[in-house]
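Novice: This is the structure, below, for whatever I ask next.
The values are calculated or read from the model by the stated rules, or taken from the named source; none is laboratory data. Since we're looking at a predicted model, the values are computed, not measured. Here the Cβ is made from the backbone with ideal geometry for all residues, glycine too, and neighbour counts use every protein chain on show. In case anyone asks, the SASA skips ligands and DNA or RNA and just uses the protein heavy atoms, side chains included. Shrake-Rupley method; radii C 1.70, N 1.55, O 1.52, S 1.80 Å.
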Amino acid sequence: MVKTMAEALMSAEADSLCGAPYGERSTERTNRRNGYRTREWDTRAGSIELAIPKLREGSYFPDWLLERRRRAEQALISVVATSYLLGVSTRRVDKLIEQLGIKHISKSQVSQMAKTLDEQVAAFRTRALDAGPYTFLWLDALTQKVREGGRIINVHVLVATAVNADGRREILGLDVTSAEDGAGWLAFLRGLVARGLSGVQLVISDCHAGLVAAIGATLPGATWQRCRSHYLRNLLTCVNKSAQPFVATLVRTIFDQPDAASVRAQ
């Protein structure tokens, strides 16, 4: 059905360029058909061999076969890009897309399709923060291993999460730095403010000196609170391993008290 509809569409376009339908004599005819040439078209229905009309004078090729991302439909691109993101090898991706009816896919095609991820990430990282006010803001850094220059190195991914005006958690942004220092946090927070971060009343993070200073410089008027998960993690490094479960249980009871006085007493 896909083949029939596509070839019918091309035939109609060729007739329009010729000024008259195929095989019909007409004084309005300006050109004539000159056979066909074949081209494979990969779709979710499989690899389809299309017969593209040729003209005696000039050339004809359907624009919709040349349009970006039309060689393989968006569904195929999504499968390949997701596989790439999950670290699936090119050989396994090739076997996977065979199940979709596509004969073969090269490494360069996988890389080209995976570039859609870059566009999505760039759009996400630069979008306007217009769902504020963001009353509560959490800041943290994750250490990740990446391949750079043929070797594996550690980088720090700075992440900002907030509660938006609808009461939903939203990841506001992320940035990759070589070190978790004050300069990196300052640039990251300035970027968030430039994109529209506003209305922050409470910031929760660990007690990294550079981070706390960057919060004070970019979010004046916001209260800072030390993240209790980070606090407990730091605390347990000062306790013998055998006593860590006991101490962790005691510390957690502090946060289960009904009022401030009981918290202090506990």
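Novice: Can you give me the number of residues within the range 250-266 that are part of a helix (DSSP H, G or I) and over 39 Å from the mean Cα position of the chain (by Cα)?
Specialist: Here the count works out to 9.
Novice: When you go through 168, 125 one by one, which is the residue that is closer than 28 Å to residue 78 by Cα and either surrounded by 11 or more Cβ atoms within 10 Å (Cβ to Cβ) or aliphatic (A, V, I, L, M) (or both)?
Specialist: Working: 168 fails: either surrounded by 11 or more Cβ atoms within 10 Å (Cβ to Cβ) or aliphatic (A, V, I, L, M) (or both).
Result: 125 is the single residue among 168, 125 that is closer than 28 Å to residue 78 by Cα and either surrounded by 11 or more Cβ atoms within 10 Å (Cβ to Cβ) or aliphatic (A, V, I, L, M) (or both).
Novice: Name the single residue that is least open to solvent (accessible area, probe 1.4 Å) among those in the range 2-21 being without any contact (Cβ under 8 Å) to a residue 12 or more places away in the chain and of a type outside the set (Val, Ile, Thr).
Specialist: Among those residues, the one meeting the criterion is 20.
Novice: Specify which of the listed residues (257, 266) is surrounded by fewer than 13 Cβ atoms within 10 Å (Cβ to Cβ) and either at pLDDT below 90 or in contact with a helix residue (DSSP H, G or I) (Cβ under 7 Å, 6 or more places away or on another chain) (or both).
Specialist: Criteria check complete, one pass: 266.
Novice: Filter the range 197-254 down to the residues that are in the same structural domain as residue 164 (by the TED database), open to solvent by less than 50 Å² (accessible area, probe 1.4 Å) and of a type in the set (S, T, N, Q) and list them by number.
Specialist: 205, 218
Novice: Ok, one more. Please find, within the range 41-56, the residue that is farthest from residue 95 (Cα to Cα) out of those that are open to solvent by 90 Å² or more (accessible area, probe 1.4 Å) and in contact with a strand residue (DSSP E or B) (Cβ under 7 Å, 6 or more places away or on another chain).
Specialist: It comes out as 56.
Novice: Quick one: how many residues across the range 174-207 are assigned to a loop (DSSP other than H, G, I, E, B) and without any contact (Cβ under 8 Å) to a residue 60 or more places away in the chain?
Specialist: Final tally of qualifying residues: 5.
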